[in-house]
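So the structure is just underneath, and the comments pick up after that.
The values are calculated or read from the model by the stated rules, or taken from the named source; none is laboratory data. Since the structure is predicted, the reported quantities are computational estimates derived from the model, not experimental observations. Glycine also receives a Cβ, built like all others from the backbone with ideal geometry; neighbour counts cover every protein chain displayed. These area figures cover heavy atoms from the full protein model, side chains too; ligands, DNA and RNA do not enter into them. Shrake-Rupley method; radii C 1.70, N 1.55, O 1.52, S 1.80 Å.
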Amino acid sequence: MSVAPLLLAVVEMGGYPSFTALYREAGFQPEVASTMRKAQSWLKSHRPQVVVTEFNFDPEFRDRMSNLESLLATLQRYGCAAKVIVLLDPEHRPRLDKVAERFPIFAALELPLTHEAMRAALQRVTTET
């Protein structure tokens, strides 16, 4: 019996539907983390195929632009080649583009997010892997 590939969903702010059932339907074993710190801790011992996370820009960050850089650096540090799907407010697209110059982003889905958009991104993951 094969084990379903892991998917890490980082839901810090939320405000969109839960996609847990959709992740399972797409063939993934989802793990949900409510903070970046919990996600980074989980990544110490797990290598997901997919990471779904929010892009939360905060001008108060001193050493980075958003919550995302720390997570992406952690993936890089552990040699995890996970496909990263980012959920973002459309007004923050230029900021995400700057992050994407330094780190690989598989897909960026703008809010409000639909099940169809997430399903399409997950299908791309499975066909491009």
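Of all residues in the stretch 94-129, those satisfying the criterion of being out of contact with any helix residue (DSSP H, G or I) (no Cβ under 9 Å at 6 or more places or on another chain) and either of a type in the set (A, V, I, L, M, F, W, C) or within 17 Å of Met13 (Cβ to Cβ) (or both) are Arg95, Ala100, Pro112, Leu113, Ala117, Ala120, Ala121, Val125. Considering (1) open to solvent by 50 Å² or more (accessible area, probe 1.4 Å); (2) within 12 Å of Val10 (Cα to Cα); (3) part of a helix (DSSP H, G or I); (4) in contact (Cβ under 8 Å) with a residue 24 or more places away in the chain, the lone condition that Glu31 does not fulfil carries the number (3). Residue count for the stretch 47-105 satisfying the condition of being at pLDDT 95 or above, open to solvent by 40 Å² or more (accessible area, probe 1.4 Å) and touching a Lys or Arg at 6+ places or on another chain (Cβ under 8 Å): 1.
Provide a single number: the residues in the stretch 3-26 that are under 14 Å from Ala82 (Cα atoms), among the β-branched types (Val, Ile, Thr) and over 14 Å from the mean Cα position of the chain (by Cα). Break it down stepwise before answering.
Pass one, the stretch 3-26, residues under 14 Å from Ala82 (Cα atoms): 5-10.
Narrowing further to those that are among the β-branched types (Val, Ile, Thr): 10.
When the remaining residues are screened for being over 14 Å from the mean Cα position of the chain (by Cα), the result is none.
Qualifying residue count for the region: 0.
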